[in-house]
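Data first, discussion second: the structure below is written as structure tokens.
The values are calculated or read from the model by the stated rules, or taken from the named source; none is laboratory data. This one's a predicted model, so the numbers in the text were calculated from it and none came from an experiment. Methodologically, a virtual Cβ is constructed for each residue, glycine included, from the backbone with ideal geometry; neighbour enumeration extends over all protein chains shown. Quick note on the areas: whole protein, heavy atoms, side chains included, nothing else; ligands and nucleic acids left out. Shrake-Rupley method; radii C 1.70, N 1.55, O 1.52, S 1.80 Å.
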Amino acid sequence: MDFLRSLFSRTLGLSPGDKVLDELTLDSVARYILSGKCKNIICMVGAGISTSAGIPDFRSPGTGLYANLQKYNLPYPEAIFQIDYFKKHPEPFFALARELYPGQFKPTVCHYFIKMLKDKGLLRRCYSQNIDTLERVAGLEGEDLIEAHGTFHTSHCVSFLCRKEYSMDWMKNQIFSEEIPKCDSCGSLVKPDIVFFGESLPSRFFTSMKADFPQCDLLIIMGTSLQVQPFASLVSRVSNRCPRLLINMEKTGQSEFGMGLFSFGGGMDFDSDKAYRDVAHLSTCDDGCMTLAELLGWKKELEEMVKREHALIDSKDAKKTDKEASQSSKSAVAEAEKTDKTE
């Protein structure tokens, strides 16, 4: 078996080479980051980084989104995100969108940890499966992000011949007025630019991954089940020497038997006697990021960032509420004066 493993590795160029981590622990990952050798970190994130903000993930039994869609009378839970079903029955999706619409939630500790990586010049890119835009709210720019499954940031008419673009504010007004958004040019449905089942991922996802992942020297995977392709396959695109850290409630993305046997292939290998670069830290994403921040000497800075940014969001929300209340009051006064004059 050792001979076969060596043969496959030499023939296919899959030898792991020198180990980068001295041990498969979070402490070792922290030492590596602090060594100065780690300059191009890529984060891969899923719904698990937003659950502490109050946004449900998809697959958790009992609490996940798919477990709580009975009120929409769907033929099956995933139908709410299938493009063919949406075009015939858009009402369930827009009803759900009112519940989960961006702007109602604050970024989490995990979101701000990623922003801190950017601020320290260590983040090459964040690849996100999420559509909640919390990475942007936390301070990441469009250049820092690959929103693999799209975003509410923009919307487009679904008609192939039209494709008129609409802003996030326009879509929000439509959704919260409980109207089905229709294109004012052609009358077709308008859909947020999130990727439904049956649609292709954004072209930027494919072009960026070819440039980013060969340069990656640390891959941090957080809050994702690594079950949805092609996003899940990204873990295989880093070099064989690149350490991979999973911060999640459970281990996921492990190698298939055949691949793990020969120590090659894209799957994660945390526990075999051939494991050499994959680290699993089992915890919530927030707790894992705070623990890593503490090991890096960044804990106080991260805590202060979260406190400061949440206070700013609360302040903006309060001003917005006051403004809306003032406008509502002025409208009521104007309406009363109009009634008095009529009488």
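Of the residues making up the stretch 105-134, those that are touching a residue at least 40 places away in the same chain (Cβ under 8 Å) and either under 14 Å from the mean Cα position of the chain (by Cα) or over 15 Å from ASN40 (Cα atoms) (or both) number 20. Number of residues in the stretch 239-251 that are modelled with pLDDT under 95 and either crowded, with 19+ Cβ neighbours inside 10 Å or in a helix (DSSP H, G or I) (or both) equals 0.
Figure legend. Inter-residue proximity from the stretch 22-38: first residues more than 18 Å from GLY288 (Cα to Cα), second residues open to solvent by 20 Å² or more (accessible area, probe 1.4 Å) and at pLDDT below 95, beta-carbon distance below 9 Å, spacing 6+ or different chains. Indicated pairs: LYS37/VAL20; CYS38/VAL20. Of all residues in the stretch 108-134, those satisfying the criterion of being at pLDDT 95 or above and open to solvent by less than 10 Å² (accessible area, probe 1.4 Å) are THR108, CYS110, HIS111, TYR112, PHE113, ILE114, MET116, LEU117, CYS126, TYR127, SER128.
Can you pull out the residues in the stretch 85-107 that are loosely packed, with under 15 Cβ neighbours inside 10 Å and modelled with pLDDT of 90 or more? LYS87, LYS88 - these are the residues of the stretch 85-107 that are loosely packed, with under 15 Cβ neighbours inside 10 Å and modelled with pLDDT of 90 or more.
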